[in-house]
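No lab work stands behind these numbers, since they all come straight from the coordinates. All values reported here derive from a predicted model rather than from experimental measurement. Counting neighbours? That spans all protein chains shown, and the Cβs are built from the backbone with ideal geometry, glycine included.
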Amino acid sequence: MPDLVQTFRFRVRLTRSAAPGRTDLPPPVLAHVTHDAPAAAVAAAGGERGSGAAAPERLGDGGFQECAGLGLEADLREHAQGGANDAVVRRVGRVRLQPLVLKRGMLLATADGGADTGLWDWLQGMVDGGAPAVRYDGDIEVLDPTGQRVVARWTFTRGLPLKIIGPSLNAKTGEIAMEELHIAHEGLCLERTP
């Protein structure tokens, strides 16, 4: 009997999208996003970001506690045929994409112990009128119980921040501050894993 996929061990990676999309404009650079290699080093090497010369920019490094919205829903169009009152012809329509919902504990990522503001800065860049909006591609990988092997992988493309929710603050509980990020994307795929 085959084993079932367990969902308690997973990781999410958000990487700045290299796909220009329908506008054919390159994605903008954000100051708050961590760079795996400085832009000057990439330029000195004669390469460009995203060309394989350097690792891409990432956002929200750190584990997420929950991930929801891994689903697609197809619209069907119904056509009634004259004279066939007992049947309806159904045709394929558009696919509706659900937003991804990621939840995690707020991270203390700065040297002075301040909260990591990367996710908030992403949405704030859109609010401030940054055009074009910075988009991120993502991987959601479910690992086996040992954490060594990927058993399921979803990828999404050209994600935009739809909503971010800060923690509920309550001095009586002493709970971890949680933040929630909703991402609208342009495509979701469950990939085959070896």
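From the Kirkwood radius over Cα pairs of the range 93-140, Stokes-Einstein at 4 °C and 1.567 mPa s returns a whole-number translational diffusion coefficient of 95 µm²/s. Taken one residue at a time, the phi angles of the range 148-157 give Karplus couplings (6.51, -1.76, 1.60, θ = phi - 60°) of 9, 10, 7, 9, 8, 9, 9, 10, 10, 10 Hz. Gly and Pro are set to x. Full extension of the chain segment joining residue 133 with residue 1 gains 42.8 nm, where the gain is 0.36 nm per residue of separation less the Cα-Cα distance.
Sorted largest first, the principal axis extents computed over the alpha-carbon atoms of the range 61-182 equal 75, 44, 33 Å. Each of residue 162 and residue 95 was given a label point 7 Å from its Cα along the Cα-to-Cβ line. The distance between the two points is 1.6 nm.
Electrostatic tally near residue 95: other residues with Cβ closer than 12 Å to its Cβ, Lys and Arg +1, Asp and Glu -1, net -1. For the peptides 137-146, 81-90, 177-186, 162-171, the ranking by mean Cβ contacts within 10 Å, running from highest to lowest, is 177-186, 137-146, 162-171, 81-90.
Placing pseudo-labels 7 Å out from each Cα toward the beta carbon at residue 8 and residue 169 gives an inter-label distance of 3.4 nm. Taking R0 as 45 Å, what FRET efficiency do you get between residue 112 and residue 184 from their Cβ-Cβ distance, rounded to the nearest 0.05? According to the calculation, E is roughly 0.85.
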